[in-house]
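Enquirer: Here it is, the structure in full.
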Amino acid sequence: MAHIPDGILSAPVLIGGGLLAAGGVALAVRGLDDRAIPRTAILSAAFFAGSLIAVPMGPTSIHLLLSGLMGIMLGAGAFAAVLVALALQVLLFGFGGLTTLGVNTVNIALPGVLFGMALGPAICEARAPALRALLAGAVGALSVLGTGALVALSLALSGSEYTPVASVLVATYLPLALGEAFVTATIVAFLARVQPDALRPALP
Amino acid sequence: MILAPTDLRLRLAATSIAVACLSQLRSPAIAAAALAVALALWLASPARRHGHRLLHVEGFVLLLFLTLPFTVKGAPVFTIGPLAASAEGFARAALVALKMSAALLLVAALLGDLEPARLGGALRGLRVPEPVVRLFVLTARYVGLIRDEARRLREAMRVRAFRPRTDRHTWRSYGNLIGMLLVRALDRARRVEEAMACRGYDGRFPYAPLPAPLLRDWAGFALLAGGGILALAMDIA
């Protein structure tokens, strides 16, 4: 859904995205001690498996991004988790792109990390399940729309002939944002009941 | 594959260089030649068996192909109401399609048969930071396992008459499924971490130094990377 393939973006956008992604991953790695790496890796594998589920949406179906949830559960570590997941998608399915790894990592991880880290503490503190579900849904929907905006920005910065597509692109993310909001809210409600510690990025 | 270097470091580097070069081509003729080469490599590679995987096209890419003829200014070919499709626009859409397909086939041909969980040594050899490599091999190792777990959970839902639809019940059911996957993943992570600690894990995976690449590896590297750079140089000239 948000995977820009090779051959579309201009060199400055690819290089800029690569540098931003490297910065994000450096930030992620600094926060990962040796004990946190198996947790991040295996959670990342679970997010990967979750995003392969096709969720029906009207006549078509969508794949969840789960980036907002990754921001809540992994914090800045989501940059590294998204990079690894995207690299695996290229190697396993030939899906996505090699040169666009950096841009795609930023497009998917950055909104998730920002919204997840901004609203994550409030989600952990929330006493009322309705409030928690609302906040979690907001993280899911906003992360998806943020990704849509960044994909549009990557296209618009690459060439003026892409601008018309870029300007309508965010609208195509609305169904995904809706599904993502409901699913994220359910997952957070489930985790809050079953294993509340999981909703914090750090180990206890 | 005769051309691909057997040394994984060189194969990853050569593929990246070649794809980076061809993603920046501007001439449709050279892009078409690149596609022909990529197709030939792909047909000669074992990845050919998984051809159906390559048919996937992202929604916004389709949108791009549909709009490019109308958004690039040039000699009009036909008009629909106020919109004029230009020859330059069609050329632009064709160029993007050629480059995208060439990159896709090249990646499938050269990297399609790698086992991600065994790439650790090669990635270390390419100076990828150690924690990222560790994260990559562990994720690669557990993706298959957790996908199997997800498949079993979905089968369990299906035999209980669950039918995915566009409604809140479906979203809630899938949310619970993914939540369960995450809970099990956390459990598994704790067990894996303990098992690693028991076996004297000191924060590093021991990777034996890889043998130096052979001459034929360097030859394959030079052909692939050089081919990409040559195409780009001819394009700019």
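Enquirer: For region B:35-68, which positions are of a type in the set (V, I, T) and open to solvent by 60 Å² or more (accessible area, probe 1.4 Å)?
Expert: B:V37, B:V57
Enquirer: Related question: Enumerate the helices (runs of 4 or more DSSP H) found wholly within region A:110-204, keeping only those where 2 or more residues are under 18 Å from A:G50 (Cα atoms).
Expert: A:129-158, A:174-194
Enquirer: Would you please list the contacts, defined by Cβ atoms under 6 Å and residues six or more apart or on different chains, that run from a residue in region B:220-235 that is in a helix (DSSP H, G or I) to a residue that is open to solvent by 40 Å² or more (accessible area, probe 1.4 Å) and of a type in the set (K, R)?
Expert: Final answer for the pair search is B:D235/B:R26.
Enquirer: I'd like to know if region B:125-140 contains one or more residues that are more than 7 Å from chain A (Cβ to nearest Cβ), within 28 Å of the chain's Cα centre (by Cα), of a type in the set (D, E) and within 13 Å of B:F205 (Cβ to Cβ).
Expert: Scanning region B:125-140 turns up at least one residue that is more than 7 Å from chain A (Cβ to nearest Cβ), within 28 Å of the chain's Cα centre (by Cα), of a type in the set (D, E) and within 13 Å of B:F205 (Cβ to Cβ).
Enquirer: State which residue is farthest from A:G71 (Cα to Cα) when the search covers only region A:112-165 and only residues that are among the β-branched types (V, I, T) and buried (at least 16 other Cβ atoms within 10 Å of the Cβ).
Expert: A:V165
Enquirer: Still on this model: Filter region B:161-173 down to residues that are at the interface with chain A (Cβ under 8 Å from one of its Cβ atoms) and under 14 Å from A:T184 (Cα atoms) and give me whichever is modelled with the lowest pLDDT.
Expert: Top of the filtered list is B:R168.
Enquirer: Might you check whether a residue that is more than 8 Å from every other protein chain (Cβ to nearest Cβ), open to solvent by less than 10 Å² (accessible area, probe 1.4 Å) and touching a residue at least 24 places away in the same chain (Cβ under 8 Å) occurs anywhere in region A:25-38?
Expert: Checked against the condition, which is being more than 8 Å from every other protein chain (Cβ to nearest Cβ), open to solvent by less than 10 Å² (accessible area, probe 1.4 Å) and touching a residue at least 24 places away in the same chain (Cβ under 8 Å), region A:25-38 yields at least one hit.
This table checks each residue for (1) assigned to a loop (DSSP other than H, G, I, E, B); (2) more than 25 Å from A:I123 (Cβ to Cβ); (3) at the interface with another protein chain (Cβ under 7 Å from one of its Cβ atoms).
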site: A:L43; (1), (2), (3): no, no, yes
site: A:G50; (1), (2), (3): no, no, yes
site: A:I62; (1), (2), (3): no, no, no
site: A:L65; (1), (2), (3): yes, no, no
site: A:G96; (1), (2), (3): yes, yes, no
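Enquirer: So, one more: Within region B:174-228, work out how many residues are more than 14 Å from every other protein chain (Cβ to nearest Cβ) and open to solvent by 90 Å² or more (accessible area, probe 1.4 Å).
Expert: 8
Enquirer: Now, a different point. In this structure, is B:L3 outside the structural domain of B:A222 (by TED's automatic domain parsing) and open to solvent by 30 Å² or more (accessible area, probe 1.4 Å)?
Expert: Details: outside the structural domain of B:A222 (by TED's automatic domain parsing): yes; open to solvent by 30 Å² or more (accessible area, probe 1.4 Å): yes.
Against the criterion (outside the structural domain of B:A222 (by TED's automatic domain parsing) and open to solvent by 30 Å² or more (accessible area, probe 1.4 Å)), B:L3 qualifies.
The values are calculated or read from the model by the stated rules, or taken from the named source; none is laboratory data. Owing to the predicted nature of the structure, the values given are computational and were not obtained by experimental measurement. Here the Cβ is made from the backbone with ideal geometry for all residues, glycine too, and neighbour counts use every protein chain on show. In case anyone asks, the SASA skips ligands and DNA or RNA and just uses the protein heavy atoms, side chains included. Shrake-Rupley method; radii C 1.70, N 1.55, O 1.52, S 1.80 Å.
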